[in-house]
Amino acid sequence: MAKSTETPAIPSCEKPIAPDPIARSIVAIVEACSRFRWTVLALAILVTIASGYYTATHFAITTNTNNFISEKLPWRQNLIALDKAFPQRLDQIVVVIDGATPELAEAAAQSLTDRLKRRPDLYQSVVRPDGGSYFNQSALLFQPAADLQRTLKGLSEAKPFLITLAYDPSLRGIVKAVSLIIQGVKTKAVTLDDVDVDRPMALLGDAFDGVLAGRPVFFSWRGLLAEQPADPRELRRFIEIKPVLDYAALMPGEKASDFLRETARDLGISPKSGVTVRLTGLVPMADEEFGNIADGAGLNAAGTGLTVLLIIWLALKSGRIVVAVALSVIAGLAATAAVGLMMVGAFNLISVAFAVLFVGIGTDFGIQFSVRYRAERFKEARLDKALAQAAARAGRPLALAAAATAAGFYSFLPTDYRGVSELGLIAGTGMFIAFFAAITILPALLTLLRPPPEQEPVGYQFLAPADRFMSRHRYAIVAGTLLVALAGTPLLRHLHFDFNPLNLRSPKVESVATLLDLMKDPNTNTNTIDVLAPSLAEAPPLIARLQQLPEAARVTSLDSFIPQDQDEKLAIIAPLAKSLTPLLDPAREKEPPADGEDVEAMERAAAAFAATAAGVTGKGADDARRLAGLLRKMAEAPPQKRDVAREALIPSLDTMLDLLRASLNARKVTVASIPPDLARNWVSADGRARIEVAPAGDSNDNDTLLRFAKAVRTIDPNAMGEPIAVQESGDTVVWAFIEAGLWALISISVLLFIVLRRVTDVLLTLVPLLLAGAVTLEITVLIGLPLNFANIIALPLLLGLGVAFKIYFVMAWRAGTTNLLQSSLTRAVFFSAMTTATAFGSLWLSKHPGTSSMGKLLALSLVCTLAAAILFQPALMGPPRKVNLSGEDA
């Protein structure tokens, strides 16, 4: 094998010309790191390990979008005050229980509540806001007087039926109770076609038919007794839970939620048993959102990493240089993550994107330096000298790009949009770390790995025709581009900001899907606004004014839980309660029958129904004959079938009888009668009364919520709730970006003027950046991509990466570089943009809508930024003032 003729990498006495102190300092740092490479790398390894350990042990992320906005704002202060007044409503799990029958829903809710209350280590409070002993006892009092009259009339007519069931709540008793129909027909008090006669026969027949056929049977005694089917609201129950959160875990409420689901399974509560249990509320939404973001993130990250490595290799054509760049970026990313956690304590859903920004821009610095190194290595065989020359020529643009990019990110620090201001703090600091890694760790690794000399020029010679075309038609290119951008400016009037944070969450996860389901019903709508009255006594006038708002569908307060016209209703209930309550006493129940007794009762009932319907026509007679046949089959079936029938009919019968006994025991209630755990939701410890207002119309529509919030605030400017938070958040975000944009333009302009010393050169840097921003926003309107709380971080990225790209070209142009498209700079910028695009592509593929929209807008802004840098800026700059004939740049 031929020996390499490469000169060993020893410190060079010949230093390249460094035109200013910044470049000379960077050259000195690069040379020192090359000379003391082992020391530099040892320190880098120690810092990386320490950073990784700190990040792993202190990593935290908050998914609460309310925390995106500064707590100093007045409306946030109102929200915080409301949370302090009613702390049990903060960080809740809301359990939504849907039953195939009212009895199933009620039994499931009560059994689950009782079981969860036994675990104070997991749940601070467990409250049924719509059920429990108070509501069960007062159920009849909440009915309008006319409805109550009809209900009691039906109960009075069904008295023999109810007494029989209460005396013998078994299959035997059920069959005997239904057989009372036959006595009524014989005495001609009723006919088989009467609705109140036919309905029990048809419903019981359906139940027995289902049992015999092996189908799930969910029987409702309320449906058998009532004239109308159950209202959908009767099929749903709620439990409000304040869990004990484990803040050391990435999903603090996961343990409480998992135990809740496990308990439901242990109790046999499942869709198979006719009951569905779903969780929503801030806690499960936050946990599931993090899980949604993390779902597939590892695979995406691995794929992204491999793709980025491939792109870096295509840019640098050397495995050794690729390793050097990758390791320096990893070290910088680890340090940035640790420093970021030290500064903010916990990442949020926006600031966590610093990693993507760092990979994009940090890799850009590495590629810029390495491509410059390769260009110098083509002319210079000595590695150390090529590194020094690369530092002299690329160091100053890199330093300016890092400073300008950091200034762009830091411009968000004064704003009230904490989500992005924290991102700006972390990403801005990360730019200095990335730059430092590029001029320290990267040269040390290159010296250690010793890539071979370059055998051919690094630039894109095949783009010579494009350079010539742009040179000949530069005025047409500039004018045409500006005209297209100006023609699209009317689109900016239609720029849409989606204020609804729900649209950032996946509608497929249980918590969000459940919340969207609840929002369809005004009675369960969670997009409500809370108004605080100084006391309960002062609440009624405020309630009356709120009820007059056409934008309000429902107004609820503690008084809503006190039935109206109680004296009148109690007088209506009293006669039936006096006669029926003693007969429903559980102490009168017979001993449960043996299976043989149930069979005997079924056979007798089958014969009686068949005889009664003999020779009679009509639906009632048909249902009687059908029931007779099914009873006969049930009697002849194996005992297991009757066990299934008992499971389908008797538990719901017990629930119905318990509810009936409680409701007939109605007593006059006052505020003092309301259970304390329920009252705490409506009256604070200091006596303030909460009034909840629900919107009319589509509560997931931004315009509806804005009108609703505005209307309520005309009555109480300090009102607070999600619709107001959404409106105020949107205003805060819009103003934050206006404010940040101004700060960014001022700070970057000042920085560029200090370094470039020419107003025209500053404009040559900023005009393409502003053009890219305008075109990006115009395209979002054309493709129907609204801005939102997450994807709006594309704008600081546009400032960051855009300024870096523009500076590289302006500095090369000032140095006398001609034919920019053919230069190594264009190669570096192009592949840098590709690595960034790959990182953004991983966001686009996320299953989380907010993260995905972030990736879409980031990719769009990157394309516009790259096009402005490579195609528009060279044409705008034109020929350099002084051409450098010795190479690409001086």
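Rounded to the nearest 5, what % of the DSSP beta bridges within the chain are antiparallel ones?
Beta bridges within the chain, antiparallel portion: roughly 90 percent.
Provide the FRET efficiency to the nearest 0.05 for the residue 701-residue 233 pair, computing r from the beta carbons and using R0 = 35 Å.
So, using R0 = 35 Å, E works out to roughly 0.95.
Enumerate the amide H contacts of residue 281 below 5 Å, restricted to partners 5 or more residues apart or on another chain; note that Pro and chain-start residues carry no placed amide H.
Answer set, sorted by chain and number: 94.
Using a Förster distance of 60 angstrom, determine the FRET efficiency expected from the C-beta separation of residue 718 and residue 763, and round it to 0.05.
Efficiency computed from Cβ-Cβ geometry: 0.80.
Under 12 Å from a point 7 Å along the Cα-to-Cβ line of residue 560: which residues of the stretch 710-736 have their amide N that close?
none
State the answer as a single residue: which of 179, 875, 673 lies farthest towards the positive end of the charge dipole of the chain, with beta carbon charges of +1 for Lys and Arg and -1 for Asp and Glu, about the Cα centre.
Farthest along the dipole direction, towards plus: 875.
As I understand it, the value is the acute angle between the Cα axis of helix 722-756 and the longest principal axis of the Cα atoms of the chain; what does it come to in degrees, rounded to 10?
0 degrees
Can you bin the stretch 449-528 into rounded, prolate or oblate? Criterion: square roots of the alpha carbon gyration tensor eigenvalues sorted a ≥ b ≥ c, rounded for a/c under 1.5, prolate for a/b above b/c, oblate for the rest.
Numbers: a/c = 6.72, a/b = 1.92, b/c = 3.49.
It comes out oblate by the Cα gyration axes.
With each label point set 7 Å from Cα along the Cα-Cβ vector, what nm distance links residue 685 and residue 746?
4.4 nm
Pop a pseudo-label 7 angstrom from the Cα along the beta-carbon direction at both residue 189 and residue 320 and give the gap in nm to one decimal.
10.5 nm
Using alpha-carbon pairs under 8 Å, 6+ residues apart, how would you state the relative contact order of the stretch 362-420 in percent?
29 percent
With θ taken as phi - 60° and the coefficients 6.51, -1.76 and 1.60, list the Karplus ³J(HN,Hα) couplings across the stretch 518-526 in order, rounded to whole Hz; mark glycine and proline as x.
Each residue's phi maps through the Karplus curve to give 5, 5, 6, 10, x, 6, 10, 4, 9 Hz.
Take peptides 413-422, 613-622 and line them up by average Cβ neighbours within 10 Å, highest first, as a rough protection proxy.
So the peptides 413-422, 613-622, ranked by packing, come out 413-422, 613-622.
Along the Cα-to-Cβ line of residue 59, 7 Å from the Cα, sits a label point; which residues in the stretch 809-844 have backbone N less than 18 Å from it?
Once the point is set 7 Å along Cα→Cβ of residue 59, 843 turn out to lie under 18 Å by backbone N, inside the stretch 809-844.
What aspartates and glutamates does residue 641 reach when the alpha-carbon gap must be under 14 Å and sequence neighbours fewer than 8 apart in one chain are set aside?
Straight-distance partners of residue 641: 209, 595, 598.
Can you tell me the relative contact order of the chain? Whole percent, Cα pairs under 8 Å, sequence separation 6 or more.
24 percent
Which of the residue pairs 188/619; 508/856; 186/619; 84/520; 806/856 have a Cα-Cα distance greater than 24 Å in the structure shown?
Details: 188/619 17 Å; 508/856 20 Å; 186/619 18 Å; 84/520 29 Å; 806/856 22 Å.
Where the Cα-Cα span goes over 24 Å, the pairs concerned are 84/520.
Could you give the C-alpha radius of gyration of the stretch 698-772 expressed as a fraction of 2.2 N^0.38 Å, taking N as the number of residues it contains?
Normalised by 2.2 N^0.38 Å, the Cα Rg of the stretch 698-772 equals 1.78.
Please state the shape class of the stretch 87-186: rounded when a/c is under 1.5, otherwise prolate if a/b exceeds b/c and oblate if not, all from the C-alpha gyration tensor.
Taking the square roots of the gyration eigenvalues as a ≥ b ≥ c, the stretch 87-186 is prolate.
Which whole-Hz ³J(HN,Hα) couplings does the stretch 707-718 yield from phi under the Karplus relation 6.51 cos²θ - 1.76 cosθ + 1.60, θ = phi - 60°, glycine and proline marked x?
Each residue's phi maps through the Karplus curve to give 5, 4, 4, 4, 5, 5, 6, 5, 8, 9, x, 8 Hz.
Any lysines with Cα under 27 Å of the residue 385 Cα? List them, leaving off those in the same chain fewer than 8 positions away.
Of all the lysines, those that pass the test against residue 385 - Cα under 27 Å, at least 8 places apart if same chain - are 3, 15, 317, 882.
Given 0.36 nm per residue, what is the gain on full extension from residue 46 to residue 145 after removing their alpha carbon distance, in nm? The partial results should precede the final answer.
Values: separation 99, 0.36 × 99 = 35.64 nm, distance 7.86 nm.
Full-extension gain reported as 27.8 nm.
Using a 10 Å cut-off on Cβ atoms, rank the peptides 145-158, 98-111, 203-216, 323-336 from the highest mean neighbour count down.
323-336, 98-111, 203-216, 145-158
Can you pull the one-decimal nm distance between simple spin-label points at residue 667 and residue 72, each 7 Å off the Cα toward Cβ?
Taking the simple label geometry, residue 667 and residue 72 are separated by 5.5 nm.
Can you figure out the FRET efficiency of residue 738 with residue 462, using R₀ = 35 Å and their beta-carbon distance, to the nearest 0.05?
Efficiency, from the Cβ-Cβ distance: 0.20.
Quick check: residue separation of residue 603 and residue 180 times 0.36 nm, minus the Cα distance between them. What number comes out in nm?
Taking 0.36 nm per residue and subtracting the Cα distance, the gain is 150.8 nm.
Can you classify the chain as rounded, prolate or oblate using the Cα gyration tensor, where a ≥ b ≥ c are the square roots of its eigenvalues, rounded means a/c under 1.5, and otherwise it's prolate if a/b beats b/c and oblate if not?
Taking the square roots of the gyration eigenvalues as a ≥ b ≥ c, the chain is prolate.
Which of the lysines could a cross-linker bridge to residue 569, judged by Cα under 17 Å and excluding same-chain residues fewer than eight apart?
153, 578, 668
Express in nm, to one decimal, how much length is gained between residue 156 and residue 247 on full extension, taking 0.36 nm for each residue of separation and deducting their alpha carbon distance.
Contour length minus the Cα-Cα distance gives 27.2 nm.
Students often get this wrong: which residues of the stretch 584-616 have the backbone nitrogen under 13 Å from the point 7 angstrom along Cα-to-C-beta of residue 643?
The answer is 595, whose backbone nitrogens lie closer than 13 Å to the label point.
A short reminder: the numbers here are calculations on the coordinates, not readings from a lab. Owing to the predicted nature of the structure, the values given are computational and were not obtained by experimental measurement. So basically every Cβ, Gly included, is an ideal-geometry build from the backbone, and we count neighbours across all protein chains shown.
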